[in-house]
Amino acid sequence: LAKYNVLTNMGNQGHTYNGIRQLREWYEDGIFGQITEVHSWIGGPDWGGEYFERPGKYPPAAEPVPATLNWDLWQGPTGPAPYNHLYHPKKWRAFHPYGTGTFGDWFCHIADAPVWLLDLYEPVAVEAEEVAGGNEYIAPDGVRVRFDFEKRGTKEACSLYWYNGDSRFVPKAPSDWTWDDKPGCGTYYYGTKNGGFTDARSNNPRLANKEAQRAYKTAGYPAEKYPRLKQSGPIRELISAVKGEIPECGSNFNYAAPFTEVMLLGILAVNHRGKIEWDSKNMRVTNRPELNQFIKEPVRKGWEYGEELWKS
């Protein structure tokens, strides 16, 4: 980014909302104390819905390529593989060569707030604690994955849990939760002073205890430290950066790339089960070296990229 002096933005909408900024102000005000656990979750995949559908057999049957589709180009660096109508235009996300299931769909939205809030960029270990369903072709029905992070400056060691699936894959609310509703997805924060919650877009923060929330509001929330956007949304934010109204986008690639790395390590653990010990500085799995071949997967001829780009 510095070399070419370009503005970038990842499309996780919640990072442009006011709620994620307010949450960070609350955290830095000390209302949560130390946060030692966060639990992010959502249901799904919704098989038979708009984005996910199981094929009739494995591997999916080869079908004629529509005349309107450049199938070779669509596959990009992966493939070549036979065409099936479930891959295009939306349901590719269920299949390993093209997508990362519900985990990859929603982690970047739901876990955005805890990753940014707590500097959760370099896990030392990632473990797939439970995986239900799925096979070598298609994403699982449910997962529970734990990411362990060492102490980061003044922030104590922390574990981030990701869940998606049915009712087996739902975390418990913090022990001080007193709201009447039980959210269907989002993130719970386990703090030494107060628990907390943000929704599916890392927005609408609240303390776990309704009475504590009311008292905090009455006492006065901390002053705005992180500027609010006039209009939310990644495209509008990028336009604001181009106009010079803000110095850069919040979810620029310097943030989005290490954030995505965390998610992909979770996918690696799910696909190969068990625990991964990770050396972030050298981008290496240290306890299972056979998995390092998947860190930089080989690409087919014509889609190669240079070592200089990989290291930059």
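Only the coordinates and a few stated rules stand behind these numbers; no lab work does. All of these numbers come straight from a predicted model, not from anything done at the bench. Every residue, glycine as well, gets a Cβ built from its backbone with ideal geometry; the counts of neighbours run over all protein chains shown.
Just a few scattered comments:
- Candidate set from the stretch 205-233 (those that are loosely packed, with under 13 Cβ neighbours inside 10 Å and in contact with a Ser or Thr (Cβ under 9 Å, 6 or more places away or on another chain)); member that is nearest to residue 39 (Cα to Cα): 211
- Any hit, the stretch 272-295, residues being closer than 22 Å to residue 20 by Cβ, of a type in the set (Gly, Ala, Ser) and not in a loop (DSSP other than H, G, I, E, B): no
- Residues that are small (Gly, Ala, Ser) and surrounded by fewer than 16 Cβ atoms within 10 Å (Cβ to Cβ) within the stretch 4-29 comprise just one, 11.
- The combined condition, being within 25 Å of residue 203 (Cβ to Cβ) and among the β-branched types (Val, Ile, Thr), is fulfilled by residue 38.
- Candidates 71, 106, filtered to the one that is of a type outside the set (D, E, K, R) and touching a strand residue (DSSP E or B) at 6+ places or on another chain (Cβ under 7 Å): 106
- Evaluating residue 202 against the criteria (1) within 24 Å of residue 44 (Cβ to Cβ); (2) surrounded by fewer than 17 Cβ atoms within 10 Å (Cβ to Cβ) leaves one unmet condition, (2).
- Restricting the stretch 27-66 to residues that are assigned to a loop (DSSP other than H, G, I, E, B) and acidic (Asp, Glu), the residue that is nearest to residue 113 (Cα to Cα) is 46.
- Within the stretch 254-270, the only residue that satisfies the criterion of being surrounded by fewer than 18 Cβ atoms within 10 Å (Cβ to Cβ) and over 14 Å from the mean Cα position of the chain (by Cα) is 254.
- Residue in the stretch 84-104 that is of a type in the set (Gly, Ala, Ser) and more than 17 Å from the chain's Cα centre (by Cα) present: no
- Applying the set (1) without any contact (Cβ under 8 Å) to a residue 60 or more places away in the chain; (2) crowded, with 19+ Cβ neighbours inside 10 Å to residue 188 leaves exactly one unmet item: (1).
- Criterion: polar (S, T, N, Q), in contact (Cβ under 8 Å) with a residue 60 or more places away in the chain and surrounded by fewer than 17 Cβ atoms within 10 Å (Cβ to Cβ) - qualifying residue of 100, 78: 78
- Among the residues here, residue 214 does not qualify as among the basic types (Lys, Arg), over 24 Å from residue 25 (Cβ atoms) and not in a loop (DSSP other than H, G, I, E, B).
- Checking each residue in the stretch 145-175 for being in a strand (DSSP E or B) and either under 24 Å from residue 272 (Cβ atoms) or touching a strand residue (DSSP E or B) at 6+ places or on another chain (Cβ under 7 Å) (or both) picks out 145, 146, 147, 148, 149, 158, 159, 160, 161, 162, 163, 164.
- Scanning the stretch 2-26 for residues that are part of a loop (DSSP other than H, G, I, E, B) and in contact with a helix residue (DSSP H, G or I) (Cβ under 6 Å, 6 or more places away or on another chain) yields 7, 8, 9, 10, 11, 12.
Conditions tested, residue by residue: (1) part of a loop (DSSP other than H, G, I, E, B); (2) closer than 25 Å to residue 46 by Cα; (3) among the basic types (Lys, Arg); (4) out of contact with any helix residue (DSSP H, G or I) (no Cβ under 9 Å at 6 or more places or on another chain).
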{"residue": "98", "(1), (2), (3), (4)": "yes, yes, no, no"}
{"residue": "103", "(1), (2), (3), (4)": "no, yes, no, no"}
{"residue": "122", "(1), (2), (3), (4)": "yes, no, no, no"}
{"residue": "126", "(1), (2), (3), (4)": "no, no, no, no"}
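- Of all the listed residues (73, 117), the sole one being outside any strand (DSSP E or B), among the aliphatic types (A, V, I, L, M) and under 21 Å from residue 299 (Cβ atoms) is 73.
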